[in-house]
Amino acid sequence: MLLVEGLAAQYGASQALFDVSLAVGAGEVVTLLGRNGMGKTTTVRAIMGLLPSQGGRITGGALRFEGASLLGAPPFAIARRGLGLVPEGRQVFPTLSVEENLIATARPGRWTLASVHALFPRLAERRRSLGRTLSGGEQQMLAIGRALMTNPRLLILDEATEGLAPLIRAEIWEVLGRLKAEGQAILLIDKNLAAVMRLADRHVVIERGRTVWTGDSAALAAAPEVRERYLHV
């Protein structure tokens with residue numbers, strides 16, 4: 001579905017990505033791993049067409065989704081092609097209600113208000129509450145639900161459980177497991193290595209804007225030198 005080859009990008013005169021390559025197939029869960037500041041979020045912004053609005057630009061490489069190039073496409077067009085983003089920091093609409101957040105970008109398909117409420121019952125309970133009044137965990141549920149309401153073929157989560165309480169983190173991981181079981185393709189960034197190794201089919205490790213390792217969970221478990229060199233703080 002998603003193919004990134006030799007992606008390079010920069011902010012002003014500063015090079016942020018030099019050579020990032022990754023692929024996500026239909027129904028796969030793939031993680032993008034690396035320490036802070038290594039280019040994970042920049043890669044996601046490049047995929048979603050957000051770099052120009054962040055003062056950056058793609059300077060090289062290929063970026064394709066289901067065979068069509070995404071290079072130069074605006075974010076709304078990329079979203080319409082079937083990519084749904086749960087951004088770092090959640091970024092829910094603070095002055096809209098939970099229900100308004102969910103329907104603001106909704107597209108027809110399997111995910112409706114009813115199915116999102118079934119996935120996250122707390123959102124049904126808080127449906128009239130403004131986004132700014134929600135807890136961090138509730139906002140993350142809302143951000144995931146909002147992305148699902150676009151009925152994406154590929155769901156991208158940037159820092160899926162960062163800063164959440166343990167019980168909420170466990171709920172998010174359970175939800176992602178359910179989505180995987182239903183065949184949802186997912187590109188995931190998260191620091192919880194044990195959890196992503198249980199969930200994901202493959203992992204892509206980047207260091208200073210370059211892909212340095214790719215493999216499945218068994219290979220990553222058998223490579224302590226990779227975890228120590230590129231993932232441990």
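The values are calculated or read from the model by the stated rules, or taken from the named source; none is laboratory data. Being a predicted model, the structure only gives us computed values, none of them experimental. Backbone-built Cβ (ideal geometry, glycine too); neighbour counts: all protein chains shown.
Figures for the structure shown
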{"quantity": "Any hit, the stretch 113-128, residues being of a type in the set (Ser, Thr, Tyr) and either assigned to a loop (DSSP other than H, G, I, E, B) or not assigned by TED's automatic domain parsing to the domain that holds Gly89 (or both)", "calculated": "no"}
{"quantity": "Candidates Leu71, Leu63, Leu50 - the one that is within 16 Å of Glu5 (Cα to Cα), aliphatic (A, V, I, L, M) and part of a loop (DSSP other than H, G, I, E, B)", "calculated": "Leu71"}
{"quantity": "Residues located in the stretch 1-38, provided they are polar (S, T, N, Q), within 19 Å of Leu193 (Cβ to Cβ) and surrounded by fewer than 16 Cβ atoms within 10 Å (Cβ to Cβ)", "calculated": "Asn36"}
{"quantity": "Residue in the stretch 164-177 that is surrounded by 22 or more Cβ atoms within 10 Å (Cβ to Cβ) and either assigned to a strand (DSSP E or B) or at pLDDT below 95 (or both) present", "calculated": "no"}
